[in-house]
Amino acid sequence: MIDVKGLRKSFGEKEVLLGIDEHVEQGEKVAVIGPSGSGKSTFLRCLNMLEAPTSGEVWFEGELINAPGVDINRIRQRMGMVFQHFNLFPHLTVRQNITLAPVQLKLQTAGEADENARQLLKRIGLTDKENEYPNMLSGGQKQRIAIIRALAMKPDVMLFDEPTSALDPEMVGEVLELMGEIAHEGMTMIIVTHEMGFAREVSNRVLFMDEGIIVEQNNPDELFNNPQSPRLKDFLAKIL
Amino acid sequence: MDFFMDFQAKFIQNFIDDNRWLLILYGLRTTLTITFFALILGVCMGFLTALVRVTYDKTGKLRRLNTFARFYLTVVRGTPMLVQLMIIYYVIFSPWPFVNSIIIAVIAFGINSGAYVAEIFRSGIMSIDPGQMEAGRSLGLTYNQTMRRIITPQAIKNVLPALGNESISLLKETSVAGYIGIRELTRSGDIIRSRTYEAFFPLIAVAAIYLCLVLIMTAGVSRLERRLAVSDRR
(Lines give C-alpha, C1' and ligand atoms only; values in the text may rest on other atoms or scores of the structure.)
Protein backbone atom coordinates (compact mmCIF):
# COMPACT_ATOMS: atom_id res chain seq x y z
CA MET A 1 0.00 0.00 0.00
CA ILE A 2 2.79 2.38 0.92
CA ASP A 3 6.24 1.95 -0.53
CA VAL A 4 9.14 4.12 0.46
CA LYS A 5 12.39 3.92 -1.46
CA GLY A 6 15.61 5.67 -0.54
CA LEU A 7 13.80 8.46 1.24
CA ARG A 8 16.05 11.32 2.32
CA LYS A 9 15.15 14.62 3.84
CA SER A 10 17.31 17.49 4.92
CA PHE A 11 16.42 20.87 6.34
CA GLY A 12 19.16 23.11 5.00
CA GLU A 13 22.44 21.58 6.14
CA LYS A 14 20.80 19.29 8.63
CA GLU A 15 20.07 15.81 7.35
CA VAL A 16 17.10 14.31 9.14
CA LEU A 17 16.37 11.21 7.08
CA LEU A 18 19.33 9.34 5.66
CA GLY A 19 17.66 6.87 3.34
CA ILE A 20 14.56 4.96 4.37
CA ASP A 21 13.26 1.91 2.55
CA GLU A 22 10.02 0.58 3.88
CA HIS A 23 6.87 -1.14 2.81
CA VAL A 24 3.51 -1.06 4.55
CA GLU A 25 0.84 -3.60 3.67
CA GLN A 26 -2.87 -3.00 3.60
CA GLY A 27 -4.27 -3.49 7.11
CA GLU A 28 -0.91 -3.34 8.85
CA LYS A 29 -0.48 -1.36 12.03
CA VAL A 30 3.03 -0.05 12.16
CA ALA A 31 4.36 1.69 15.23
CA VAL A 32 7.38 3.95 14.84
CA ILE A 33 9.42 4.50 17.97
CA GLY A 34 12.73 6.16 18.70
CA PRO A 35 14.37 8.98 20.60
CA SER A 36 13.33 12.55 19.87
CA GLY A 37 15.14 13.99 16.88
CA SER A 38 15.45 10.55 15.31
CA GLY A 39 13.41 11.65 12.29
CA LYS A 40 10.32 9.58 12.98
CA SER A 41 7.88 12.49 12.70
CA THR A 42 9.61 13.74 9.57
CA PHE A 43 9.33 10.25 8.10
CA LEU A 44 5.59 10.23 8.78
CA ARG A 45 5.13 13.75 7.36
CA CYS A 46 6.97 12.74 4.18
CA LEU A 47 4.34 10.05 3.59
CA ASN A 48 1.64 12.62 2.83
CA MET A 49 4.02 15.31 1.56
CA LEU A 50 3.58 17.69 4.46
CA GLU A 51 7.34 17.61 4.09
CA ALA A 52 8.65 17.28 0.57
CA PRO A 53 11.35 14.59 0.43
CA THR A 54 14.78 15.82 -0.64
CA SER A 55 15.23 12.62 -2.64
CA GLY A 56 13.77 9.15 -2.88
CA GLU A 57 10.34 7.88 -3.77
CA VAL A 58 7.06 7.54 -1.93
CA TRP A 59 4.47 5.29 -3.54
CA PHE A 60 0.90 5.09 -2.36
CA GLU A 61 -1.58 2.61 -3.82
CA GLY A 62 0.57 2.16 -6.88
CA GLU A 63 1.17 5.84 -7.53
CA LEU A 64 4.41 7.76 -7.13
CA ILE A 65 3.19 10.69 -5.05
CA ASN A 66 6.28 12.85 -4.85
CA ALA A 67 6.54 13.18 -8.62
CA PRO A 68 5.98 16.62 -10.15
CA GLY A 69 2.46 17.15 -11.44
CA VAL A 70 0.80 14.78 -8.99
CA ASP A 71 -2.36 16.18 -7.43
CA ILE A 72 -1.33 15.72 -3.82
CA ASN A 73 -4.66 17.02 -2.54
CA ARG A 74 -6.48 14.11 -4.14
CA ILE A 75 -4.05 11.67 -2.54
CA ARG A 76 -4.28 13.26 0.88
CA GLN A 77 -8.03 12.67 0.82
CA ARG A 78 -7.20 8.99 1.25
CA MET A 79 -4.56 9.52 3.96
CA GLY A 80 -5.92 10.71 7.28
CA MET A 81 -3.54 12.42 9.65
CA VAL A 82 -3.71 13.06 13.37
CA PHE A 83 -1.37 15.58 14.94
CA GLN A 84 0.26 15.88 18.32
CA HIS A 85 -1.47 19.22 18.95
CA PHE A 86 -4.86 18.13 17.53
CA ASN A 87 -5.07 21.17 15.23
CA LEU A 88 -8.82 21.42 15.42
CA PHE A 89 -10.19 24.55 13.77
CA PRO A 90 -11.05 26.83 16.71
CA HIS A 91 -13.47 29.04 14.76
CA LEU A 92 -15.67 26.10 13.77
CA THR A 93 -17.96 23.95 15.88
CA VAL A 94 -17.15 20.32 16.45
CA ARG A 95 -19.55 19.25 13.71
CA GLN A 96 -18.21 21.83 11.27
CA ASN A 97 -14.68 20.64 11.99
CA ILE A 98 -15.73 17.17 10.89
CA THR A 99 -17.83 18.13 7.88
CA LEU A 100 -15.75 20.96 6.39
CA ALA A 101 -13.43 18.88 4.24
CA PRO A 102 -15.90 16.27 2.92
CA VAL A 103 -18.34 19.01 1.94
CA GLN A 104 -15.75 21.40 0.50
CA LEU A 105 -14.27 18.60 -1.55
CA LYS A 106 -17.75 17.56 -2.70
CA LEU A 107 -17.31 14.01 -1.45
CA GLN A 108 -20.49 14.25 0.60
CA THR A 109 -23.48 16.55 0.56
CA ALA A 110 -23.96 18.77 3.60
CA GLY A 111 -26.74 16.46 4.78
CA GLU A 112 -24.68 13.30 4.39
CA ALA A 113 -21.70 14.88 6.07
CA ASP A 114 -23.81 16.01 9.03
CA GLU A 115 -25.30 12.56 9.38
CA ASN A 116 -21.86 10.98 9.13
CA ALA A 117 -20.49 13.42 11.71
CA ARG A 118 -23.29 12.53 14.12
CA GLN A 119 -22.61 8.84 13.68
CA LEU A 120 -18.94 9.37 14.41
CA LEU A 121 -19.65 11.59 17.40
CA LYS A 122 -22.08 9.03 18.73
CA ARG A 123 -19.44 6.39 18.44
CA ILE A 124 -17.05 8.34 20.66
CA GLY A 125 -19.84 9.40 22.99
CA LEU A 126 -19.59 13.11 22.29
CA THR A 127 -22.93 13.68 20.60
CA ASP A 128 -23.71 16.49 23.03
CA LYS A 129 -20.61 18.43 21.93
CA GLU A 130 -21.74 18.68 18.32
CA ASN A 131 -22.35 22.43 18.42
CA GLU A 132 -19.60 23.41 20.82
CA TYR A 133 -16.31 25.01 19.92
CA PRO A 134 -13.04 23.15 20.40
CA ASN A 135 -11.78 25.31 23.26
CA MET A 136 -14.65 24.04 25.40
CA LEU A 137 -13.25 20.52 25.21
CA SER A 138 -10.63 18.61 27.13
CA GLY A 139 -7.44 17.51 25.38
CA GLY A 140 -8.64 13.93 25.13
CA GLN A 141 -11.94 15.02 23.61
CA LYS A 142 -10.12 17.27 21.14
CA GLN A 143 -7.86 14.50 20.00
CA ARG A 144 -10.70 12.04 19.61
CA ILE A 145 -12.56 14.57 17.51
CA ALA A 146 -9.42 15.17 15.45
CA ILE A 147 -9.31 11.43 14.84
CA ILE A 148 -12.91 11.19 13.68
CA ARG A 149 -12.42 14.34 11.60
CA ALA A 150 -9.80 12.38 9.70
CA LEU A 151 -12.03 9.29 9.61
CA ALA A 152 -14.90 11.31 8.14
CA MET A 153 -12.91 11.46 4.91
CA LYS A 154 -13.05 7.64 4.83
CA PRO A 155 -9.30 7.33 4.31
CA ASP A 156 -7.41 4.17 3.35
CA VAL A 157 -4.63 4.80 5.84
CA MET A 158 -4.30 6.79 9.04
CA LEU A 159 -1.08 8.50 10.05
CA PHE A 160 -0.70 9.36 13.73
CA ASP A 161 2.01 11.80 14.76
CA GLU A 162 2.53 11.35 18.51
CA PRO A 163 -1.20 11.56 19.13
CA THR A 164 -0.97 11.30 22.92
CA SER A 165 2.18 13.31 23.62
CA ALA A 166 0.39 16.59 24.31
CA LEU A 167 -2.25 15.04 26.56
CA ASP A 168 -2.55 15.03 30.31
CA PRO A 169 -1.87 11.48 31.52
CA GLU A 170 -5.48 10.79 32.47
CA MET A 171 -6.60 11.59 28.90
CA VAL A 172 -4.21 9.21 27.17
CA GLY A 173 -6.32 6.14 27.76
CA GLU A 174 -9.45 7.35 25.96
CA VAL A 175 -7.45 8.28 22.86
CA LEU A 176 -5.55 5.01 22.76
CA GLU A 177 -8.79 3.13 23.24
CA LEU A 178 -10.30 4.78 20.18
CA MET A 179 -7.16 4.11 18.17
CA GLY A 180 -7.28 0.50 19.26
CA GLU A 181 -10.87 0.20 18.03
CA ILE A 182 -9.95 1.69 14.68
CA ALA A 183 -7.08 -0.76 14.45
CA HIS A 184 -9.38 -3.71 15.12
CA GLU A 185 -11.67 -2.58 12.32
CA GLY A 186 -8.81 -3.20 9.93
CA MET A 187 -7.58 0.31 9.22
CA THR A 188 -4.03 0.57 7.96
CA MET A 189 -2.20 2.68 10.54
CA ILE A 190 1.21 4.18 10.97
CA ILE A 191 1.71 5.50 14.46
CA VAL A 192 4.63 7.54 15.70
CA THR A 193 4.39 7.11 19.44
CA HIS A 194 6.05 7.05 22.82
CA GLU A 195 3.38 4.71 24.17
CA MET A 196 5.32 1.45 24.23
CA GLY A 197 2.45 -0.43 25.81
CA PHE A 198 0.17 0.58 23.00
CA ALA A 199 2.78 -0.21 20.35
CA ARG A 200 3.19 -3.66 21.84
CA GLU A 201 -0.51 -4.34 22.11
CA VAL A 202 -1.91 -2.95 18.87
CA SER A 203 0.82 -2.94 16.25
CA ASN A 204 1.88 -5.82 14.00
CA ARG A 205 5.29 -4.37 13.52
CA VAL A 206 7.48 -1.86 15.28
CA LEU A 207 10.12 0.26 13.58
CA PHE A 208 12.88 1.66 15.73
CA MET A 209 14.39 4.79 14.24
CA ASP A 210 17.50 6.62 15.31
CA GLU A 211 19.52 9.34 13.62
CA GLY A 212 17.56 9.26 10.41
CA ILE A 213 17.49 5.55 9.68
CA ILE A 214 15.40 2.53 10.66
CA VAL A 215 17.85 0.76 12.93
CA GLU A 216 15.78 -2.28 13.70
CA GLN A 217 12.31 -3.60 13.14
CA ASN A 218 10.37 -6.63 14.18
CA ASN A 219 7.07 -7.78 15.54
CA PRO A 220 6.45 -6.13 18.90
CA ASP A 221 7.14 -9.17 21.08
CA GLU A 222 10.51 -9.83 19.50
CA LEU A 223 11.48 -6.18 19.32
CA PHE A 224 10.73 -5.39 22.93
CA ASN A 225 11.79 -8.70 24.47
CA ASN A 226 14.75 -9.47 22.33
CA PRO A 227 16.31 -6.27 20.98
CA GLN A 228 19.35 -6.85 18.81
CA SER A 229 21.09 -3.55 18.22
CA PRO A 230 22.87 -1.76 21.05
CA ARG A 231 21.04 1.48 20.26
CA LEU A 232 17.63 -0.14 20.67
CA LYS A 233 18.76 -1.88 23.88
CA ASP A 234 19.97 1.45 25.15
CA PHE A 235 16.71 3.20 24.17
CA LEU A 236 14.51 0.56 25.76
CA ALA A 237 16.61 0.58 28.91
CA LYS A 238 15.99 4.30 29.24
CA ILE A 239 12.25 4.26 28.75
CA LEU A 240 11.04 0.99 30.23
CA MET B 1 -18.38 89.94 32.60
CA ASP B 2 -16.60 91.42 29.66
CA PHE B 3 -14.99 88.08 29.01
CA PHE B 4 -18.30 86.29 28.73
CA MET B 5 -19.79 89.01 26.52
CA ASP B 6 -16.74 88.73 24.36
CA PHE B 7 -16.99 84.91 24.28
CA GLN B 8 -20.59 85.01 23.26
CA ALA B 9 -19.99 87.60 20.56
CA LYS B 10 -17.12 85.65 19.11
CA PHE B 11 -19.05 82.40 19.21
CA ILE B 12 -21.87 84.05 17.26
CA GLN B 13 -19.43 85.60 14.85
CA ASN B 14 -17.67 82.32 14.17
CA PHE B 15 -20.51 79.88 14.03
CA ILE B 16 -23.85 81.66 13.71
CA ASP B 17 -23.22 84.58 11.37
CA ASP B 18 -23.57 83.67 7.71
CA ASN B 19 -24.56 80.18 8.89
CA ARG B 20 -20.89 79.33 9.34
CA TRP B 21 -21.77 76.22 11.34
CA LEU B 22 -22.98 74.78 8.06
CA LEU B 23 -19.41 74.93 6.78
CA ILE B 24 -18.36 72.79 9.71
CA LEU B 25 -21.24 70.39 9.13
CA TYR B 26 -20.52 69.97 5.43
CA GLY B 27 -16.83 69.62 6.21
CA LEU B 28 -17.63 66.87 8.68
CA ARG B 29 -19.74 65.12 6.09
CA THR B 30 -16.92 65.27 3.56
CA THR B 31 -14.39 63.99 6.09
CA LEU B 32 -16.61 61.05 6.97
CA THR B 33 -17.29 60.29 3.31
CA ILE B 34 -13.61 60.23 2.42
CA THR B 35 -12.74 58.16 5.49
CA PHE B 36 -15.50 55.63 4.87
CA PHE B 37 -14.78 54.94 1.21
CA ALA B 38 -11.00 55.13 1.62
CA LEU B 39 -11.30 52.56 4.39
CA ILE B 40 -13.24 50.17 2.16
CA LEU B 41 -10.72 50.62 -0.63
CA GLY B 42 -7.83 50.29 1.81
CA VAL B 43 -9.15 47.09 3.39
CA CYS B 44 -9.68 45.49 -0.02
CA MET B 45 -6.26 46.49 -1.31
CA GLY B 46 -4.58 45.59 1.94
CA PHE B 47 -6.24 42.19 2.09
CA LEU B 48 -5.24 41.30 -1.47
CA THR B 49 -1.71 42.57 -0.94
CA ALA B 50 -1.36 40.54 2.25
CA LEU B 51 -2.61 37.40 0.46
CA VAL B 52 -0.03 37.88 -2.28
CA ARG B 53 2.77 38.36 0.24
CA VAL B 54 1.79 35.39 2.39
CA THR B 55 1.22 33.10 -0.58
CA TYR B 56 4.64 33.95 -1.92
CA ASP B 57 6.27 33.40 1.47
CA LYS B 58 4.55 30.06 1.99
CA THR B 59 4.47 28.57 -1.50
CA GLY B 60 6.84 30.60 -3.68
CA LYS B 61 4.01 31.33 -6.12
CA LEU B 62 2.96 34.81 -7.36
CA ARG B 63 6.54 36.03 -7.54
CA ARG B 64 5.90 39.01 -9.77
CA LEU B 65 2.86 40.14 -7.86
CA ASN B 66 4.87 39.83 -4.68
CA THR B 67 7.61 42.06 -6.07
CA PHE B 68 4.97 44.58 -7.04
CA ALA B 69 3.35 44.34 -3.61
CA ARG B 70 6.67 44.98 -1.88
CA PHE B 71 7.30 47.97 -4.14
CA TYR B 72 3.86 49.32 -3.26
CA LEU B 73 4.43 48.89 0.47
CA THR B 74 7.88 50.45 0.33
CA VAL B 75 6.82 53.51 -1.63
CA VAL B 76 3.62 54.18 0.28
CA ARG B 77 5.08 53.64 3.71
CA GLY B 78 8.26 55.50 2.82
CA THR B 79 6.72 58.78 1.70
CA PRO B 80 4.43 61.26 3.44
CA MET B 81 0.70 60.99 2.93
CA LEU B 82 0.44 64.62 1.86
CA VAL B 83 3.06 64.17 -0.86
CA GLN B 84 1.24 61.09 -2.14
CA LEU B 85 -2.03 62.96 -2.19
CA MET B 86 -0.57 65.86 -4.15
CA ILE B 87 1.20 63.57 -6.62
CA ILE B 88 -2.01 61.67 -7.28
CA TYR B 89 -3.98 64.90 -7.66
CA TYR B 90 -1.56 67.12 -9.54
CA VAL B 91 0.44 64.53 -11.48
CA ILE B 92 -1.50 61.34 -12.03
CA PHE B 93 -4.93 62.88 -12.44
CA SER B 94 -3.76 66.04 -14.23
CA PRO B 95 -4.96 64.77 -17.63
CA TRP B 96 -8.46 64.40 -16.17
CA PRO B 97 -9.21 67.70 -14.44
CA PHE B 98 -12.93 66.98 -14.38
CA VAL B 99 -12.59 64.07 -11.92
CA ASN B 100 -14.13 64.98 -8.58
CA SER B 101 -11.38 65.73 -6.10
CA ILE B 102 -13.18 63.78 -3.39
CA ILE B 103 -12.89 60.68 -5.55
CA ILE B 104 -9.21 61.39 -5.98
CA ALA B 105 -8.85 61.78 -2.22
CA VAL B 106 -10.62 58.46 -1.65
CA ILE B 107 -8.20 56.80 -4.05
CA ALA B 108 -5.14 58.42 -2.48
CA PHE B 109 -6.15 57.68 1.11
CA GLY B 110 -7.29 54.19 0.14
CA ILE B 111 -3.97 53.37 -1.47
CA ASN B 112 -2.13 54.75 1.53
CA SER B 113 -4.25 52.94 4.06
CA GLY B 114 -4.06 49.73 2.04
CA ALA B 115 -0.33 49.53 2.65
CA TYR B 116 -0.78 49.62 6.40
CA VAL B 117 -3.79 47.31 6.31
CA ALA B 118 -1.71 44.85 4.25
CA GLU B 119 0.83 44.56 7.01
CA ILE B 120 -1.93 44.22 9.60
CA PHE B 121 -3.54 41.37 7.67
CA ARG B 122 -0.18 39.77 6.98
CA SER B 123 0.74 39.70 10.63
CA GLY B 124 -2.74 38.34 11.36
CA ILE B 125 -2.28 35.49 8.92
CA MET B 126 1.24 34.79 10.15
CA SER B 127 -0.05 34.64 13.72
CA ILE B 128 -2.18 31.58 12.94
CA ASP B 129 -0.54 28.36 14.09
CA PRO B 130 1.05 26.57 11.08
CA GLY B 131 -0.69 23.43 12.34
CA GLN B 132 -3.96 24.91 11.05
CA MET B 133 -2.67 24.98 7.50
CA GLU B 134 -1.24 21.48 7.89
CA ALA B 135 -4.49 20.14 9.28
CA GLY B 136 -6.44 21.65 6.38
CA ARG B 137 -4.00 20.35 3.80
CA SER B 138 -3.82 16.90 5.40
CA LEU B 139 -7.58 16.56 4.87
CA GLY B 140 -7.05 17.10 1.15
CA LEU B 141 -8.14 20.74 1.01
CA THR B 142 -6.18 22.87 -1.43
CA TYR B 143 -4.04 25.79 -0.33
CA ASN B 144 -6.74 28.21 -1.46
CA GLN B 145 -9.54 26.34 0.28
CA THR B 146 -7.55 26.17 3.49
CA MET B 147 -6.75 29.87 3.28
CA ARG B 148 -10.36 30.80 2.66
CA ARG B 149 -12.10 28.50 5.11
CA ILE B 150 -9.58 28.09 7.90
CA ILE B 151 -6.81 30.68 7.99
CA THR B 152 -8.53 33.88 6.88
CA PRO B 153 -11.55 33.72 9.20
CA GLN B 154 -9.26 33.30 12.19
CA ALA B 155 -6.85 35.98 10.98
CA ILE B 156 -9.61 38.53 10.43
CA LYS B 157 -10.89 37.99 13.93
CA ASN B 158 -7.40 38.54 15.30
CA VAL B 159 -6.79 41.77 13.40
CA LEU B 160 -10.14 43.50 13.93
CA PRO B 161 -8.83 45.68 16.78
CA ALA B 162 -5.76 46.70 14.75
CA LEU B 163 -8.04 47.55 11.83
CA GLY B 164 -10.08 49.72 14.15
CA ASN B 165 -6.98 51.63 15.09
CA GLU B 166 -6.03 52.02 11.45
CA SER B 167 -9.47 53.54 10.79
CA ILE B 168 -8.83 56.07 13.54
CA SER B 169 -5.49 57.05 11.99
CA LEU B 170 -7.11 57.33 8.60
CA LEU B 171 -9.82 59.66 9.89
CA LYS B 172 -7.21 62.03 11.26
CA GLU B 173 -5.02 61.77 8.17
CA THR B 174 -7.83 63.01 5.94
CA SER B 175 -7.27 66.45 7.46
CA VAL B 176 -4.64 67.08 4.78
CA ALA B 177 -7.23 66.76 1.98
CA GLY B 178 -7.61 70.54 2.12
CA TYR B 179 -4.35 70.74 0.20
CA ILE B 180 -6.13 69.62 -2.96
CA GLY B 181 -8.97 72.02 -2.38
CA ILE B 182 -11.39 69.75 -0.59
CA ARG B 183 -13.47 71.45 2.10
CA GLU B 184 -13.26 68.73 4.67
CA LEU B 185 -13.52 69.40 8.37
CA THR B 186 -10.10 70.95 8.93
CA ARG B 187 -10.28 73.14 5.87
CA SER B 188 -13.76 74.32 6.88
CA GLY B 189 -12.44 75.46 10.22
CA ASP B 190 -9.60 77.19 8.45
CA ILE B 191 -12.00 78.97 6.10
CA ILE B 192 -13.89 80.36 9.07
CA ARG B 193 -10.61 81.49 10.59
CA SER B 194 -9.67 83.33 7.41
CA ARG B 195 -13.03 85.11 7.34
CA THR B 196 -13.34 86.07 10.99
CA TYR B 197 -9.64 86.48 11.78
CA GLU B 198 -10.34 84.42 14.81
CA ALA B 199 -8.28 81.26 15.23
CA PHE B 200 -9.39 79.96 18.62
CA PHE B 201 -13.03 79.08 18.05
CA PRO B 202 -12.96 77.37 14.68
CA LEU B 203 -9.82 75.39 15.33
CA ILE B 204 -10.85 74.27 18.81
CA ALA B 205 -14.25 73.30 17.45
CA VAL B 206 -12.64 71.26 14.70
CA ALA B 207 -10.30 69.59 17.17
CA ALA B 208 -13.20 68.79 19.47
CA ILE B 209 -15.14 67.17 16.66
CA TYR B 210 -12.17 64.98 15.68
CA LEU B 211 -11.72 64.06 19.31
CA CYS B 212 -15.36 63.05 19.65
CA LEU B 213 -15.19 60.91 16.52
CA VAL B 214 -12.01 59.25 17.71
CA LEU B 215 -13.48 58.61 21.15
CA ILE B 216 -16.52 56.98 19.57
CA MET B 217 -14.33 54.81 17.37
CA THR B 218 -12.04 53.90 20.26
CA ALA B 219 -15.04 52.85 22.30
CA GLY B 220 -16.13 50.72 19.36
CA VAL B 221 -12.72 49.08 19.11
CA SER B 222 -12.50 48.24 22.79
CA ARG B 223 -16.01 46.86 22.77
CA LEU B 224 -14.98 44.67 19.88
CA GLU B 225 -11.86 43.55 21.74
CA ARG B 226 -13.90 42.60 24.76
CA ARG B 227 -16.41 40.69 22.68
CA LEU B 228 -13.68 38.75 20.91
CA ALA B 229 -12.01 37.98 24.22
CA VAL B 230 -15.27 36.52 25.51
CA SER B 231 -15.65 34.17 22.56
CA ASP B 232 -12.03 33.07 23.02
CA ARG B 233 -12.66 32.16 26.62
CA ARG B 234 -15.53 29.85 25.77
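The values are calculated or read from the model by the stated rules, or taken from the named source; none is laboratory data. What you are looking at is a predicted structure, and each value in this text was computed from that prediction instead of being measured. Using ideal geometry, Cβ is built from the backbone for each residue, glycine included, and neighbour counts are taken over all protein chains shown. Each accessible area value is taken on the protein alone, full model and side chains, heavy atoms only, with ligands, DNA and RNA left out. Shrake-Rupley method; radii C 1.70, N 1.55, O 1.52, S 1.80 Å.
Looking at segment B:148-171, which residues lose a minimum of 50 Å² of accessible area between their chain alone and all protein chains in place, measuring with a 1.4 Å probe and not counting ligands or nucleic acids? Listed by number, the residues meeting the 50 Å² cut-off are B:R149.
In the context of the full set of protein chains, residues of the protein assembly as shown present 48 Å² of accessible surface per residue (probe radius 1.4 Å, heavy atoms only).
May I ask which of A:K40/A:K122; A:K9/A:K29; A:K40/B:K157; A:K106/B:K61; A:K9/A:K238 have a Cα-Cα span longer than 29 Å here? Long pairs (Cα-Cα over 29 Å): A:K40/A:K122; A:K40/B:K157. Taking the Cα of B:A219, stepping 7 Å toward and past its beta carbon, and measuring to each backbone N in segment B:145-187: which are under 14 Å? No residues fall inside that zone. To the nearest ten degrees, helix A:110-123 and the longest principal axis of the Cα atoms of chain A are 60 degrees apart. If R0 is 25 Å, the Cβ-Cβ spacing of A:E177 and A:K238 corresponds to a FRET efficiency of close to 0.40. Cross-link partners for B:K10 among the lysines, with Cα-Cα distance under 28 Å and sequence neighbours closer than 8 places in the same chain left out: B:K172. Taking label points 7 Å from Cα along the Cα-to-Cβ direction, A:E130 and B:V99 give a separation of 5.5 nm.
With Cα atoms defining each centre, segment A:64-81 and segment B:23-44 are spaced 49 Å apart in the structure. Highest mean first, the peptides A:9-15, B:73-79, B:201-207, B:111-117 sorted by other C-beta atoms within 10 Å per residue fall in the order B:111-117, B:201-207, B:73-79, A:9-15.
As a fraction of the 1.4 Å probe accessible area of the protein assembly as shown, surface on carbon and sulfur atoms comes out at 57 percent. Taking each residue as 0.36 nm, the span from B:Y179 to B:L203 lengthens on full extension beyond its C-alpha to C-alpha distance by 7.0 nm.
Comparing the full protein assembly with the isolated chain, the residues of segment B:94-135 losing at least 40 square angstrom of accessible surface (1.4 Å probe) are B:Q132, B:E134, B:A135. Between B:S194 and B:F71, residue separation times 0.36 nm minus the direct Cα-Cα distance comes to 40.2 nm.
At a Förster radius of 45 Å, what calculated FRET efficiency corresponds to the Cβ-Cβ distance of B:Y90 and B:A9, to the nearest 0.05? Once rounded, the FRET efficiency stands at 0.65. Peptide B:140-147 has a mean shielding of 5, counted as Cβ atoms of other protein chains within 10 Å of each residue's Cβ. Among A:28-34, B:139-145, the peptide with the highest mean count of other Cβ atoms within 10 Å heads the list, and the full ranking is A:28-34, B:139-145. Taking label points 7 Å from Cα along the Cα-to-Cβ direction, A:T54 and A:R74 give a separation of 3.1 nm. For the protein assembly as shown, a Kirkwood hydrodynamic radius built from all Cα pairs, placed in the Stokes-Einstein relation at 25 °C and 0.890 mPa s, yields a translational diffusion coefficient of 92 µm²/s. The interface between chain A and chain B buries about 1900 Å² of solvent-accessible area in total (1.4 Å probe, ligands and nucleic acids excluded). Take every Cα-Cα pair in segment A:32-133 and report what % of them are more than 17 Å apart. In whole percent, the share of Cα-Cα pairs in segment A:32-133 beyond 17 Å is 64.
Report, please, the projected area of chain A averaged over directions, based on the convex hull of its C-alpha atoms, in nm². Over all viewing directions, chain A projects a mean Cα-hull area of 13.2 nm².
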